[in-house]
Amino acid sequence: MTARPAVAVASLDKAYAARGGRIQALRDVSFDVGHGEFVSVVGPSGCGKSTILKILAGIVRKSGGAIAVDGEPLAGPSDKIGIVFQSPVLLPWRTVYENVVLPVEVRRQPLAPARERALGLIRLVGLEGFETRYPAELSGGMQQRVAICRALVTDPAILLMDEPFGALDAMTREHMNLELQRIWMESRKTVFLITHSIQEAVFLSDRVIVMTSRPGRIDEIVPIDLPRPRSFDLLTDARFGAYARHIRAKFGSQAMFA
Amino acid sequence: MATRDDDADESLEPQGWTRRDVAISAAGLAVFLGAWELAVRALDVPAVVLPPPSSVLTSLVSIIRSGAVFWHLGVTLTEILAGFAVGASAAFVLGALIAQFRIVDRLLYPYIVAFQAVPKVAIAPLLVIWFGFGLESKILMTAVIAFFPILVNTVVGLRTVEQDRIDLMVALKASRWQVFRYVRLPTALPFIFAGLDVGIVLSVIGAIVGEFVGANAGLGYLLLVYNNDLRIAAMFALLIILAALGIILHGVVQFVQRRVMFWSAPRAGSGGP
Ligand SMILES: Nc1ncnc2c1ncn2[C@@H]1O[C@H](COP(=O)(O)OP(=O)(O)OP(=O)(O)O)[C@@H](O)[C@H]1O
Ligand SMILES: [Mg+2]
């Protein structure tokens, strides 16, 4: 890890104002994500995973603590960050291509150079031929892939993903995991991935952050020391199984995995 | 997501009507008209009170043949379309300002709500005094009547928050105007069109009411003339023409809606009715 991490989170607190009081969503959450590092977060539903992502995205205000991106304090949404939300959030009146280039348009960047990149990304996620279709014509998994293209189109150095593959079937999900690993290894992006799947977290990550709920805290940060590139043969590897068992044991009897 | 198809099915068009449905509907109408005809004849109801459907039809044919009705129809249609255009534009602009700017909301909305409680028909005589017997007073009457449902729907539609979409735009550092253009306006369109649909039907009422109060042309004026002459069958014929006009205008709004909101139309098939 470098001296100046891509993302540095220190003593992050978040309390939502709610009817009849406050909901303490996060308490004293601290972690770093190094440049080019792949970090995942797992934890029970409602432990504040999406909240961390929304704070990093500049959508939700933190209640306390400090966040730095590239050494600079985070003040609102950053151009260095691309986001994939928990649901695809495509605009139904825009075609696949138009949805992908939305960030370019909104940021008033030139469209011509972005066009090649957008079409390349659409090809990369296997949606070639669907450029002029509308979201309603796509399956949930295809929509989520469009959302991934949209997050990558401005070539952000940091990619935040909130359970991006939750809606996919097991086969497509494994395929997308391999694709994500490839994109990450080629582009050397910093990736921060939230997931419900321990297997996905161990398979993809350099480190896995394990959280506990109410209020959300970090239980342990588990470094995953497995060679790259990883293939699904790894699933039967004893070391892989040991990591997965270790993380699963953290949750004790809280069975929340689908 | 699930509501999308439901919305499309809510249109009044005979979408998905089978031949049998049409036959049942036609039979129902025939029975109703037959009963009406028989009752009027059997009970010897004077034509001045209730004409039989046969004489209404004769009257309709002769009114259309003579051609005199078309000029009046043209006048009324002009009033409807101009009034609707004025009312809808004003409602949209004001609605957008109210939804976007809190200060405009606080300044204007109370008065708008209060004014909505006034029966608009009651101001028709005032409009005639201020703007005369010509087109202007009818256009304004139409605009005032069409205005409110469109305004209310625009405000409600623009305030409908799809939080995920707003979050997406915020994360992209979108300006307020960009959020409006890229997300809020398209999200509000189903509401706005619902308002336009109600507004266009009310516009017909507005134009006729305006003509009732003081006019020398138009279908409303013609209704009064026939009423004076006790030509009741001809009045019924005019009512049929007005109903047909309302249905056609409603159909036009629906057609435009399907064109503008192409993404919510059922994609399988032609997309037409
Ligand atoms: N806008 C909000 N207002 C009030 N409370 C909220 C809000 N958003 C989230 N919360 C609360 O904060 C806590 C954490 O929510 P968050 O969405 O971050 O959980 P999560 O870990 O992403 O859950 P999941 O795995 O189900 O997506 C929950 O208890 C939730 O009720
Ligand atoms: Mg979540």
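Give the residues of the stretch A:53-81 that are at the interface with chain B (Cβ under 9 Å from one of its Cβ atoms) and under 17 Å from the mean Cα position of the chain (by Cα), sorted by residue number.
A:K54, A:A57, A:G58, A:I59, A:V60, A:P77, A:S78, A:D79, A:I81
Just one of the numbered conditions (1) assigned by TED's automatic domain parsing to the domain that holds A:L91; (2) touching a Pro at 6+ places or on another chain (Cβ under 9 Å) is not true of A:M176; which one?
Here A:M176 clears every test but (1).
Answer with yes or no whether A:S40 is within 16 Å of ligand 2 (Cβ to nearest atom), part of a strand (DSSP E or B) and of a type outside the set (A, V, I, L, M, F, W, C).
It is true that A:S40 is within 16 Å of ligand 2 (Cβ to nearest atom), part of a strand (DSSP E or B) and of a type outside the set (A, V, I, L, M, F, W, C).
If you take the residues in the stretch A:24-52 that are polar (S, T, N, Q) and more than 14 Å from chain B (Cβ to nearest Cβ), which one is nearest to A:P164 (Cα to Cα)?
Ranking the qualifying residues of the stretch A:24-52, first place goes to A:S40.
Can you tell me which of A:L119, A:L138 is modelled with pLDDT of 95 or more, out of contact with any helix residue (DSSP H, G or I) (no Cβ under 6 Å at 6 or more places or on another chain) and either of a type outside the set (D, E, K, R) or more than 26 Å from A:H35 (Cβ to Cβ) (or both)?
A:L119
Are any residues in the stretch B:70-91 surrounded by 19 or more Cβ atoms within 10 Å (Cβ to Cβ) and not charged (D, E, K, R), and if so, which ones?
Scanning the stretch B:70-91 gives B:H72, B:V75, B:T76, B:I80, B:A82, B:G83, B:F84, B:G87, B:A88, B:A91.
Kindly indicate whether B:V22 is surrounded by 11 or more Cβ atoms within 10 Å (Cβ to Cβ) and outside any helix (DSSP H, G or I).
no
Hand me the list of helices (runs of 4 or more DSSP H) wholly inside the stretch B:175-245 holding 2 or more residues that are away from every other protein chain (no Cβ under 14 Å), at pLDDT below 95 and within 24 Å of B:F147 (Cα to Cα).
Answer list for the stretch B:175-245: B:185-213, B:219-228.
The rows are residues; the columns are (1) without any contact (Cβ under 8 Å) to a residue 24 or more places away in the chain; (2) under 28 Å from B:I63 (Cα atoms).
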site: B:R176; (1), (2): no, no
site: B:L185; (1), (2): no, no
site: B:N227; (1), (2): yes, yes
site: B:A237; (1), (2): no, yes
site: B:A244; (1), (2): yes, yes
site: B:Q254; (1), (2): no, no
site: B:R259; (1), (2): yes, no
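Taking the conditions exactly as written (aliphatic (A, V, I, L, M) and either outside any helix (DSSP H, G or I) or closer than 17 Å to B:V260 by Cβ (or both)), does B:A146 satisfy them or not?
no
Within the group A:G48, A:G65, A:G20, which residue is within 16 Å of ligand 2 (Cβ to nearest atom) and on the phi > 0 side of the Ramachandran plot?
A:G48
Can you name the residue in the stretch A:15-35 that is surrounded by fewer than 11 Cβ atoms within 10 Å (Cβ to Cβ) and hydrophobic (A, V, I, L, M, F, W, C) and, of all such residues, is farthest from A:L56 (Cα to Cα)?
The residue in question is A:A18.
Name the pairs whose Cβ atoms lie under 6 Å apart, with the first residue in the stretch A:184-205 and assigned by TED's automatic domain parsing to the domain that holds A:G46, the second in a helix (DSSP H, G or I) and among the basic types (K, R), and 6 or more positions between them or separate chains?
Going by the 6 Å Cβ cut-off, the qualifying pairs are A:I194/A:K49; A:I198/A:R248.
Could you tell me which residue of the stretch A:21-35 is nearest to A:K250 (Cα to Cα), considering only residues that are outside any loop (DSSP other than H, G, I, E, B) and away from ligand 1 (no atom under 16 Å from the Cβ)?
A:S30
Any idea which of (1) more than 9 Å from ligand 1 (Cβ to nearest atom); (2) in a loop (DSSP other than H, G, I, E, B) is the one A:I67 doesn't satisfy?
Condition not satisfied by A:I67: (2).
Looking for whichever is away from chain B (no Cβ under 11 Å), acidic (D, E) and on the phi < 0 side of the Ramachandran plot here; the options are A:E116, A:E137. Which one fits?
Just a single option satisfies the conditions, and that option is A:E116.
Look through the stretch A:74-107, keep the residues that are farther than 18 Å from B:I166 by Cα and at pLDDT below 95, and return whichever of them is nearest to ligand 2 (Cβ to nearest atom).
A:L74
Please enumerate the residues belonging to the stretch A:36-64 that are more than 9 Å from ligand 1 (Cβ to nearest atom), surrounded by fewer than 18 Cβ atoms within 10 Å (Cβ to Cβ) and touching a residue at least 12 places away in the same chain (Cβ under 8 Å).
A:G36, A:S63, A:G64
Every residue, every condition in (1) under 30 Å from B:P190 (Cβ atoms); (2) part of a strand (DSSP E or B); (3) of a type in the set (G, A, S), yes or no:
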residue	(1), (2), (3)
A:I55	no, no, no
A:V60	yes, no, no
A:I83	yes, yes, no
A:L90	yes, no, no
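Here are some residues: A:R94, A:R27, A:R123, A:R107. Which one is of a type in the set (D, E, K, R) and under 24 Å from A:M185 (Cα atoms)?
A:R123
For the stretch B:127-174, how many residues meet the condition of being among the charged types (D, E, K, R) and away from chain A (no Cβ under 14 Å)?
3
What residue, among those in the stretch A:180-203 that are among the charged types (D, E, K, R) and crowded, with 20+ Cβ neighbours inside 10 Å, is nearest to ligand 1 (Cβ to nearest atom)?
A:E200
Out of the residues in the stretch A:1-14 that are crowded, with 18+ Cβ neighbours inside 10 Å and more than 13 Å from ligand 1 (Cβ to nearest atom), which is nearest to the other protein chains (Cβ to nearest Cβ)?
Only one residue tops the list, namely A:V7.
The values are calculated or read from the model by the stated rules, or taken from the named source; none is laboratory data. Computed from a predicted model, the values in this text were never measured in an experiment. When we count neighbours, we look across all protein chains shown, and the Cβ atoms used for this are built from the backbone with ideal geometry, even at glycine.
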